[in-house]
Amino acid sequence: MSKKSKTRPPGKRKARHMPSVVGAHHGTATLAALDIAGYNLEVSDEDGFVGDRASQTAFRKLLDVWRKRCRDKGRPDPLGKLPSAQLSKKTLDRALRGKAASEAGDLVRGAIEEFAVELTDVIERFMRQKAWSGVQRIVIGGGFPESEVGELAILQAAALCHVAEIPVELARLRHEPDDGGLIGWVHLAPAHFAEHADALLALDIGGTNVRCGIVAFRRAKAADLSRAKVLRRTKWRHADDEPSRTALVDGLVAMLTDMIAWADRRRIRLAPFVGIACPGLIREDGSIARGAQNLPGNWAADTFHLPTALREKLPVIGRDATQVLMHNDAVVQGLSELPFMRDVKRWAVLTIGTGLGNASYVNKGARTPAAP
């Protein structure tokens, strides 16, 4: 089965089937195996939110500073004319690979060292908060760690944590970030779906991209769902299209409808369920309280409820009404690691992307973690 494909959702289309009818709610904070201690933690000081200093955006700003220092000395910018925000990860990674020292590599390494200090400071400040008290392991996710630059920054942050005697271990997300933001839903969805269906549908909505996928439970391979797998994933870079809020919802419906048809052709039994991960603080009724400012339109409006908007346009999955749940994207990505975190009591996730997402968890029991 194909795992990845890129698609641009078609224009507005009306569902040809009866809409699903089950109410939508916020994903729970209490699971059988753990409690979600907190997420979307906002720690601030006189300079603003400290988490903003450990995002991919913050790294690019640091790199701009280093490049300006070079130009101020009358030397040409070794990274060219493009602003740092527009440089690809591959371009920055290539700057690190030179066999001999290069000025471009020196600039990137300088920004990495400063970023590692900022990330270490964020970790230390977060661990002073009640929701993060006693955290033993932090999983680092998001798109930034997938580059050589990001990996080096995390390694340096881990070393700085050790030097500063911060009692925490840093670990990398086992799954691709694009998959982790979908796989986490197998642990948030009602447990009976894993017993009676093959897979579920999931969405991961960010300020730049939307990812839609079919996630197989694979319960026969691992009862703890540690072998859950994305069977198919599509991606829409909606930031290029600058859709309205309504157009974005229609695009989501088109992506989900395509997934339902794909699963039906392959006789994959989908659970009557859709999980939606998105940034921000999510209320119990599934509406967004704050933190969705990078999404098109006013997602925090009292009159807008994304799960209902989707549910009313989706076809019925199988014979049952569809349940739609929404949760914070860092919470979902972190939960993809749940089966492998059973050897610690308290753990957390930081997702380093355009912004810095965060969530913390408390296991209800500890045991030897599942094999990867």
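The values are calculated or read from the model by the stated rules, or taken from the named source; none is laboratory data. All values derive from a computational prediction rather than experimental measurement. Counting neighbours? That spans all protein chains shown, and the Cβs are built from the backbone with ideal geometry, glycine included. Heads up: the accessible areas ignore ligands, DNA and RNA and are worked out on the full protein's heavy atoms, side chains in. Shrake-Rupley method; radii C 1.70, N 1.55, O 1.52, S 1.80 Å.
Restricting attention to the stretch 27-41, and to residues there that are within 17 Å of the chain's Cα centre (by Cα) and more than 16 Å from Trp185 (Cβ to Cβ), which single residue is least open to solvent (accessible area, probe 1.4 Å)? Checked the stretch 27-41; the qualifying residue least open to solvent (accessible area, probe 1.4 Å) is Gly38. Would you confirm whether or not the stretch 223-236 contains a residue that is aromatic (Phe, Trp, Tyr), over 16 Å from the mean Cα position of the chain (by Cα) and open to solvent by less than 20 Å² (accessible area, probe 1.4 Å)? Scanning the stretch 223-236 turns up no residue that is aromatic (Phe, Trp, Tyr), over 16 Å from the mean Cα position of the chain (by Cα) and open to solvent by less than 20 Å² (accessible area, probe 1.4 Å). In the set (1) at pLDDT 95 or above; (2) within 30 Å of Phe115 (Cα to Cα); (3) assigned to a loop (DSSP other than H, G, I, E, B); (4) of a type in the set (A, V, I, L, M), Val362 fails one condition alone, (3). Of the numbered criteria (1) under 22 Å from Glu42 (Cβ atoms); (2) surrounded by fewer than 17 Cβ atoms within 10 Å (Cβ to Cβ); (3) in contact with a Lys or Arg (Cβ under 9 Å, 6 or more places away or on another chain), the one Gly297 fails is (1). Consider Leu155 carefully, then state whether it is open to solvent by 10 Å² or more (accessible area, probe 1.4 Å), out of contact with any Phe, Trp or Tyr (no Cβ under 7 Å at 6 or more places or on another chain) and not β-branched (Val, Ile, Thr). Yes, satisfied.
The residue of the stretch 158-201 that is surrounded by the most Cβ atoms within 10 Å (Cβ to Cβ), among those that are acidic (Asp, Glu) and over 23 Å from Lys221 (Cβ atoms), is Glu169. Looking at the stretch 159-181, can you tell me whether even one residue there is of a type in the set (Gly, Ala, Ser), at pLDDT 95 or above and touching a Leu at 6+ places or on another chain (Cβ under 8 Å)? No. Among strands (runs of 3 or more DSSP E) entirely within the stretch 212-325, having at least 3 residues that are in contact with a His (Cβ under 8 Å, 6 or more places away or on another chain) singles out 270-278.
Looking only at the stretch 75-100, residues that are part of a loop (DSSP other than H, G, I, E, B) and either open to solvent by less than 70 Å² (accessible area, probe 1.4 Å) or in contact with a Phe, Trp or Tyr (Cβ under 8 Å, 6 or more places away or on another chain) (or both) come to 8 in all. For the stretch 101-125, which residues satisfy the criterion of being open to solvent by 20 Å² or more (accessible area, probe 1.4 Å), farther than 14 Å from Ile154 by Cα and not aliphatic (A, V, I, L, M)? Ser102, Glu103, Asp106, Glu124, Arg125 - these are the residues of the stretch 101-125 that are open to solvent by 20 Å² or more (accessible area, probe 1.4 Å), farther than 14 Å from Ile154 by Cα and not aliphatic (A, V, I, L, M).
Residues checked against (1) open to solvent by 20 Å² or more (accessible area, probe 1.4 Å); (2) under 28 Å from Ala58 (Cβ atoms); (3) touching a Leu at 6+ places or on another chain (Cβ under 9 Å); (4) not hydrophobic (A, V, I, L, M, F, W, C):
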site: Gly275; (1), (2), (3), (4): no, no, yes, yes
site: Leu281; (1), (2), (3), (4): yes, yes, no, no
site: Glu284; (1), (2), (3), (4): yes, no, no, yes
site: Arg311; (1), (2), (3), (4): yes, no, no, yes
site: Val324; (1), (2), (3), (4): no, no, yes, no
site: Asp329; (1), (2), (3), (4): yes, yes, no, yes
site: Leu338; (1), (2), (3), (4): no, no, yes, no
site: Leu350; (1), (2), (3), (4): no, yes, yes, no
site: Asn358; (1), (2), (3), (4): no, yes, yes, yes
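Scanning the stretch 20-43 for residues that are assigned to a strand (DSSP E or B), at pLDDT 85 or above and touching a helix residue (DSSP H, G or I) at 6+ places or on another chain (Cβ under 8 Å) turns up Leu34, Ile36, Ala37, Gly38, Tyr39. Just for the stretch 208-222: of the residues that are out of contact with any Leu (no Cβ under 9 Å at 6 or more places or on another chain) and of a type in the set (A, V, I, L, M, F, W, C), which one is surrounded by the fewest Cβ atoms within 10 Å (Cβ to Cβ)? Residue satisfying both the conditions and the ranking: Ala220. Looking only at residues in the stretch 111-146 that are over 27 Å from Lys364 (Cα atoms) and of a type in the set (D, E, K, R), the one that is modelled with the lowest pLDDT is Glu146.
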